[in-house]
Structure formats: structure tokens, C-alpha cells
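Please treat every number below as a calculation from the coordinates, not as lab data. Please read all numbers here as calculations on a predicted model, not as lab measurements. When we count neighbours, we look across all protein chains shown, and the Cβ atoms used for this are built from the backbone with ideal geometry, even at glycine.
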Amino acid sequence: MTPIYISRFVIYRISFREEIEVAWMGNTVRATAGKTPAEGLKGDCHGSKEKPLSELLTRKLLHEFRTFYDANGDGKLEWLDFKQAIKTICDMSGWQEGSTKQKMTKELFCHIWRNLEDAADENHDGLITAEEWINMWRTFNAHVVCTEKENGTTVPEWLDKYFIYKFNLYDRTGDGEIDIEEFEYVLSDFGVPPPDCRKAFVMFSLNMEKKIDMEYFRQLATEYFTSDDPCALGNFINGKLTYLDT
């Protein structure tokens, strides 16, 4: 099997104050983020045939599943994972039980869990396996292929809400932008090495020249969940430079 790299890029020079040159197969490339997500899926995809996800997209989705959802690492999702995630996030953020942000986080994760159960729990056992997770995304990406030319790439409402949550998780100061220190601080708690965090941030911020606000982050996040292009800037929003170890 031919290995799929998230970073077939050759990084000739990385400096947080100087230029970053990125080459793809010997040619300098400029990658662009996807389109702003809309709520829900649009269009009629009857008759469209679901195809297997690319190896790269499968690896990205499994990384998200294992790193940010499956809190106890047992290979399946259940409500207990979400309860643990709520606790971890609120403890890390200093949000006390009963506070407004703690309540909002709990409501958001309840909403995400209910929608995940509806979309992915094929045998209705209250558990979502990695296989069911990938099957859900295969169905979703069939809709993307069918509708994106007319409507742009769309994501389900629960996923768009997850994007908003994740942006706010990274935005530690609450100023409406994510900076490199915030990005490194949060992802280091999820086991991402700080040097990787910084290199990834330089990539998707276009050498620190692009402001990482909510609108741009949504574009990047949509790419992460839908693109199988190894040059897509959204591939780097979790601080990963390669998914070969996923």
C-alpha cells in the first residue's frame, strides 16, 4: 500500500518571523481553505453511490475519534466519554460546576451526542465504534460529492457547533482569535509535541500572516473533515504534521 502523508511537504525553512517555503513534489504550492459550512446537508443525493474514504481522510477521522472523543481509549464512544470530556475541558478552563460556560459546554456535548447516536449508532446499542464512525463519514462524504458543486461544502449542524466549541477551546483569552501560544497550550494537553503545534500553526496561518478568527477556522475545520487533499491547510488544525502513525 502506498503511504499517504499529511505532510509530503518539504519544509526548507521555518521561522516564526521569517518566510516559510513549502514545496510539493519539487514545486512551490499555495493551498487554500474550503468554504464556510452551512447548517445541515442540502440537496438530493438519491442514486449516488457511496465510495470508500481515501486513506488520508480515514486516518484524519480516526485521529479525531481517538484523540478528542474516545476519552477512555476503549475504541468506542458512549455518553461516559462525553461526560469525561466535559469534565476535562471545564477543569482545564477553570469553569466551575454550575457556571454559565460549564452549562453551555454540557448542553453542547449533549446535543452532539444525540446527533451522533442518530447518525452513527447503527445497531442502537448506545455505543459508536470506530467502524460505525467511519461509516457515518462515508455516507456524509457521499452527500458532499453530490451537493458541493451547487451549494458548497456543507456540514451537519452538530459538527458546525463542534467547530464553534473547538475554536473557543483554542481561544483561551476569548478575544476572537487563536494565536500560536494558545494553540500550543491546548494541544499539548492532548499529547501533541509543542514543536509540531508551532509548525502546524505556521502552515495554516500562512506564516503567521493570516488571522485565525472564527470564520477562517470554520473553513479549515471543514477541510479537515472533508478533504483528501494532502496539501489542504485544514489538515493541520490538530497540530499533526503526519497521520502515518494513526
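A few notes on this one:
- Label-point separation in nm, Glu117 to Asp189, each point 7 Å along Cα→Cβ: 2.6
- Using C-alpha pairs under 8 Å with a sequence gap of at least 6, the mean separation divided by the residue count of region 166-211 gives a relative contact order of 27 percent.
- Difference of contour (0.36 nm per residue) and Cα-Cα distance, Trp79 to Asp229: 50.7 nm
- Here's the picture: charge each Lys and Arg Cβ at +1 and each Asp and Glu Cβ at -1 in region 95-246, and of Phe201, Val155, Gly239 the one pushed furthest to the positive end of that dipole is Phe201.
- Normalised contact order of region 110-246, rounded percent, pairs of Cα under 8 Å and 6 or more residues apart: 19
- Extension gain, Thr88 to Tyr165, is 26.3 nm, computed as 0.36 nm per intervening residue step minus the present C-alpha separation.
- Rounded to whole Hz, the Karplus (6.51, -1.76, 1.60) HN-Hα couplings of region 203-208, x for glycine and proline: 4, 7, 8, 6, 6, 6
- Over 31 Å apart at the Cα level, from the set Lys76/Lys210; Lys51/Lys211; Lys51/Lys83; Lys101/Lys210; Lys76/Lys211; Lys103/Lys199, are Lys76/Lys210; Lys51/Lys211; Lys51/Lys83; Lys76/Lys211; Lys103/Lys199.
- Relative contact order (%) - region 57-123, alpha-carbon pairs under 8 angstrom, separation at least six: 21
- On the basis of the beta-carbon distance and an R0 of 30 Å, Lys210 and Met104 show a calculated FRET efficiency of 0.60.
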